[in-house]
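Notes for the one structure printed next.
What follows is calculated from the coordinates using simple rules that are stated; it is not laboratory data. This is a predicted model, so every value here is computed, not measured. With ideal geometry, Cβ positions are generated from the backbone for all residues, glycine too; neighbour counts draw on all protein chains shown.
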Amino acid sequence: MGREAGVTTDALVIGGGPAGFAAAEVLVAAGKSVLLAEAKPSVGRKFLMAGKSGLNLTKEEAGFGAAYGTDWLVPMLKAFGPADVRAWAEGLGQPTFVGSTGRVFPRAMKASPLLRAWMGRLSRVEVRTRWRWCGWEDRAALFDTPEGMQRVKPGVTILALGGASWSRLGSDGAWAELLAAVGIEVAPFRPANMGFEVTWSPHMTPHFGSPVKGARLKAGAVQCRGEFVISERGLEGGGIYEVSAAMRDGAPLLIDLLPDLRVEYVAAQLAKGGKESIGNRLRKRLGVSPVARALVMEFGRPLPVGAGLATLLKALPIRHNGPRPLDEAISVAGGVTRAAVDDGLMLRARPGVFVAGEMLDWEAPTGGYLLTACLATGHWAGQHALQYLG
């Protein structure tokens with residue numbers, strides 16, 4: 001691997017995650033030589049972390065693409081959508097199943113068997129770890145490696161470096177400065193699918209780690225039915241993540257603690273309490289859990305009486321101090337803008353260089369949307385890179 005002349009290859013993929021693997025798979029299947037460079041000591045780190053709690057591959061639902069809030073990804077998701085994701089996983093020997101909410105999981109419920117099978121299929125890809133991309137020198141990509149600086153001269157390049165969260169797993173967003181320095185438009189990073197900070201009063205301490213189940217959360221025009229967790233730092237969990245983008249953009253959070261009951265019924269039940277304390281009325285008459293009662297006391301005092309309390313239980317306003325830090329977010333908004341690439345995801349300012357995955361300026365909720373879009377954009381970039389090679 002000469003440092004003077006540099007390495008030549010048909011295709012260079014920078015980033016060892018799902019988007020990069022998907023692009024590499026297209027190119028190597030067409031007989032092209034592919035070098036994949038990863039800054040960390042091993043590939044697929046964020047993919048493996050995502051699989052620790054059960055790897056949600058995709059979701060089967062009508063109007064799947066609407067979750068992204070943009071038509072940018074529509075052709076990519078049509079070319080490689082939920083059905084294709086299932087077929088891809090099963091082609092790697094990992095049967096899938098559909099859960100009650102439409103979410104699709106591998107039966108093994110882990111990422112490691114899928115990653116091992118995938119890397120086996122990509123055995124002809126030349127993988128280089130501990131190679132950190134440093135930008136370009138003319139047509140050559142420069143890498144800081146344990147053996148010193150290396151130069152790679154590819155026919156095409158696919159950038160799949162991830163977003164700017166979970167830096168310890170490789171997605172540190174450092175690439176943004178490299179691209180901005182050569183005139184490529186990059187939208188500022190913002191956290192997505194993240195928790196929110198809350199300064200709790202002491203009476204909430206016993207409830208840290210407790211889930212609030214079956215609530216309806218609303219922030220602006222977005223609402224969902226889900227579960228969230230009270231943590232020492234604030235609010236976390238799936239229900240919060242679904243409304244997190246609206247909250248981040250300034251919409252107040254309202255929580256309906258009794259979504260299956262009409263406000264008139266709630267008011268009537270509260271009126272039956274007589275001399276009972278408010279806490280006992282909530283517990284006995286309406287079955288409000290201890291952690292939900294604590295939330296009412298935290299955010300609702302001084303408590304209204306009569307119908308006012310019923311209204312409060314149906315729309316409890318939650319005060320928070322904003323999102324948790326960017327690096328803790330599950331994903332990010334921001335990245336290479338739509339205007340910076342053509343329809344094939346090639347950088348307009350640098351022909352022959354394509355971008356895929358979370359580097360692009362899109363966001364989506366959790367629930368299979370993130371991984372599906374990474375696979376779809378990687379597949380799309382790989383196909384158009386193949387066409388460019390001609």
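At-a-glance table
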item: 28 Å Cα-Cα threshold exceeded, pairs from K78/K218; K59/K218; K78/K110; K32/K52; K59/K153; result: K78/K218; K32/K52; K59/K153
item: Nearest 10 degrees, 0 to 90: helix 112-121 Cα axis against the chain principal axis; result: 20 degrees
item: E90, E236 arranged by Cβ crowding within 10 Å, fewest neighbours leading; result: E90, E236
item: Centre separation in Å (Cα based) which lies between the stretch 78-102 and the stretch 156-211; result: 27 Å
item: The stretch 214-280 versus the stretch 342-390: alpha-carbon centroid distance in Å; result: 38 Å
item: Dimensionless Rg over Rh [the chain; C-alpha; Kirkwood]; result: 1.06
item: The chain, relative contact order [Cα under 8 Å, separation at least 6], %; result: 24 percent
item: Over the stretch 76-164: Kirkwood hydrodynamic radius from C-alpha pairwise inverse distances, Å; result: 16.3 Å
item: Over the stretch 196-318, relative contact order from alpha-carbon pairs under 8 Å, at least 6 apart, %; result: 26 percent
item: Dipole of the stretch 196-318 [Lys/Arg +1, Asp/Glu -1 at C-beta], most positive-end residue of I318, I278, G300; result: I278
item: Proximal charge balance of E358 [Cβ under 13 Å; K/R count +1, D/E count -1]; result: -1
item: Among A39, G170, V98 the positive-end extreme of the charge dipole of the chain (Cβ point charges); result: V98
item: Leading residue at positive end of dipole, the stretch 196-318 (Cβ point charges), from G234, Q269, P211; result: Q269
item: Estimated dipole of the stretch 232-275 in Debye, rounded to 20 [Cβ of Lys and Arg +1, of Asp and Glu -1, Cα centre]; result: 300 debye
item: Unit charges on C-beta of K, R, D, E only; dipole of the chain, Debye; result: 1380 debye
item: About the Cα centre, charge dipole magnitude for the stretch 196-318 (Lys/Arg +1, Asp/Glu -1 at Cβ), debye; result: 580 debye
